[in-house]
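Working notes, beginning with the structure itself.
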Amino acid sequence: MSEILLQGGRILDPGSKRDAPGDLLIRDGKIAGGKPSKDAVVVKVDGLVVTPGLIDPHVHLREPGQSAKETIATGTAAAVAGGFTSVIAMPNTVPVADGPSTIAWMRQRAKETGVANVFPTGAISVGQKGEALAPIGALRQAGVVGITDDGHCIQSAELMRRALEYARMFDLPVLDHCEDRTLSAGGVMNEGKWSRILGLPGWPGIAEEVIVARNALLAELTGARVVCQHLSSAGSVRILRESRARGVRIDGEASPHHLCLTEELVEGYDTDFKMNPPLRTAADVKAIREAVKDGTLRFLATDHAPHCSYEKEVEFDEAPFGIVGLETALGVYLTELVHQDRVPLGEVVAKMTHIPSDYFGLGRGLLKEGSPADVTVIDPERKWTVKKAEFRSKSRNTPFEGRELKGRAVFTIVGGEIRHDLDGRASKK
């Protein structure tokens, strides 16, 4: 029998409506009641916040096929360092995760090398080419928690409609990277003043908004569940808010960079500020923040997208899109939302625990007796400076290098096992 007692913290479990000082006992991989044994490992967490393990609904682990960028081992190590005990992995691997065999390989690899829970998604279309549907039923049987062509938005409304109809049959959500490529047309940053100044091709907000509107209409038609990934524009928020008010089963993600970074940061042509969708205006950032606050955006994701240094060390318009986020996301969310009094801590924790768990059917996100012992301990007041050289991720493509953040995960437990102990608390007597 193995036991861990987290002693003296603030237990914050929004899914169980619990927010009070207390101790948390973990026994044999589960949240337990009763008293600890004399052999329990006692970890003092006075002044800290004890939450259910954080869940990231949008991560690129790059394995199989792109292990120079990231592996399941290094990606999950980055996850637990950032306080995440579960990640939902995107299917844009090599080969694409569009069939049961690749999903089975990913799940086995995660079991062998991962230090966090990995829940795979499958592709909507074969090869993510947007031409023919992948075997959605077989993917469901293989254990996917959603389907998505993330990074390769389905351009055909007819194919998307069929995907939603099949997904509803299997009670799977459909996650969509919203980009009309006829409108984004090779753009590499937000279309506007700064794209004209810098001479870079523009990617207008309307290219996102058109697909968000299409998805809302198709979700309404089919009754399927849709998540619009990493939304970036005020127009997208407006469409989503209006659709949800009508009862449409459509949701959206916010990502850290779209909550606090704006297009003028591209001025130095630093490719760590190149992501898809691109950084937009201060008005768009404000709209995303308001949507998180009022519940229009229910998920807080990272869109962790690792790339090799040599891939990013090229001209801005030639570099790949994407940044890493697992190790900085919590700090950004606490800094920009909680410490600016925009969103209460309990609501931020809810959006990162029981809300995604319930939506994707993960069976986690709670600290109730008998629940899996996935736990994150947060020091909400800790100030720290982002240093990419210290990342556990294989990749270093972060726009937050050198930025001071307030709030950090200091202790992470997955299935009753200590996976991250920033201050060596478990060894202190």
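Bear in mind these aren't lab numbers, they're just calculated from the coordinates by the rules spelled out. None of the values given here were measured: they were computed from a predicted structure. No Cβ is skipped: glycine too gets one built from the backbone with ideal geometry, and neighbour counts run over all protein chains shown.
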#### Entry: Per-selection metrics, the stretch 287-429 (Cα): Rg and Dmax in Å
16.7, 54
### Query
What is the calculated FRET efficiency for F170 to D423, with r their C-beta to C-beta distance and R₀ = 45 Å, to the nearest 0.05?
0.55
### Query
What chymotrypsin sites (Phe, Trp or Tyr not before Pro) in the stretch 156-254 are in a loop by DSSP, with at most 15 other Cβ atoms within 10 Å of the Cβ?
F170
### Task
Sketch the reach of a paramagnetic label on A283 as a point 7 Å from Cα along Cα-to-Cβ, and name the residues of the stretch 173-203 whose backbone nitrogen lies under 17 Å away.
190-196, 203
### Task
Could you tell me which of rounded, prolate or oblate describes the chain, using a ≥ b ≥ c as the square roots of the eigenvalues of the alpha-carbon gyration tensor, with rounded for a/c under 1.5 and, failing that, prolate when a/b is larger than b/c and oblate otherwise?
prolate
## Note on the structure
Quick note, the stretch 146-238: a/c under 1.5 would make it rounded; otherwise a/b > b/c is prolate and the rest oblate (a ≥ b ≥ c, C-alpha gyration tensor); here it is prolate
### Query
Tell me, what does the Kirkwood hydrodynamic radius of the stretch 249-356 come to in angstroms if you use every pair of distinct C-alpha atoms?
14.6
### Message
Please report the net charge: other residues with Cβ closer than 13 Å to the Cβ of N92, K and R +1, D and E -1.
### Response
-3
### Task
Go through K38/K383; K38/K406; K351/K383; K312/K387 and tell me which ones have a Cα-Cα distance over 27 Å in this structure.
K38/K383; K38/K406
### Task
Once you have the Cα-Cα distance between A185 and A68, take 0.36 nm times their residue separation minus that, and quote the gain in nm to one decimal.
39.2 nm
### Query
Any idea what log10 I(q)/I(0) is at q = 0.13, 0.22 Å⁻¹ for the stretch 1-121, Debye with uniform C-alpha scatterers and no solvent?
-0.64, -1.13
### the stretch 1-86: relative contact order as a whole-number percent, Cα under 8 Å and 6+ apart
28
### Task
Quick one: go through the stretch 286-313 and flag any residue whose amide nitrogen is under 15 Å from the point 7 Å out along the Cα-to-Cβ line of L265.
286, 288-289, 302-305
### Query
What is the order of T71, T302, fewest Cβ neighbours within 10 Å to most?
T71, T302
### Summary
Listing E263, E131, E158 by rising number of other beta-carbon atoms within 10 angstrom, fewest first, gives E158, E131, E263
### Task
Restricting things to alpha carbons, find the Rg to Rh ratio for the stretch 1-47 using the Kirkwood radius for Rh.
0.98
### Query
With contacts defined as alpha carbon pairs under 8 Å and 6 or more residues apart, what's the relative contact order of the stretch 54-365 in percent?
16
#### Entry: Additional length obtainable on full extension of the chain from C308 to E158, 0.36 nm per residue less Cα span
50.4 nm
### Summary
The answer for the chain, counting only DSSP H helices whose Cα atoms cover 20 angstrom or more along the axis and whose Kyte-Doolittle average is -0.5 or greater, is 205-222
### Message
What whole-number distance in Å separates the alpha-carbon centres of the stretch 131-202 and the stretch 1-59?
### Response
38
### Likely footprinting exposure, S255, S156, fewest C-beta neighbours within 10 Å first
S156, S255
### Task
Scan the stretch 191-230 for GluC sites (Glu not before Pro) in coil per DSSP, keeping those whose Cβ has at most 13 other Cβ atoms within 10 Å, and list them by number.
none
### Filtered trypsin sites (Lys or Arg not before Pro), the stretch 15-64: DSSP coil and at most 11 other beta carbons within 10 Å
K17, K38
### Task
Give the calculated FRET efficiency between R196 and E318 to the nearest 0.05, with a Förster radius of 35 Å applied to their Cβ-Cβ distance.
0.95
### Message
Rounded to the nearest 5, what % of DSSP beta bridges with both residues in the chain are antiparallel?
### Response
50
### Mean-position separation - Cα centroids, the stretch 270-320 and the stretch 79-126, in angstrom
22
### Query
For the stretch 350-420 and the stretch 245-261, what is the separation of their C-alpha centers, rounded to whole Å?
20
## Note on the structure
Yeah, the stretch 58-116 with a ≥ b ≥ c from its alpha-carbon gyration tensor (a/c under 1.5 is rounded, else prolate when a/b outruns b/c, oblate otherwise) is prolate
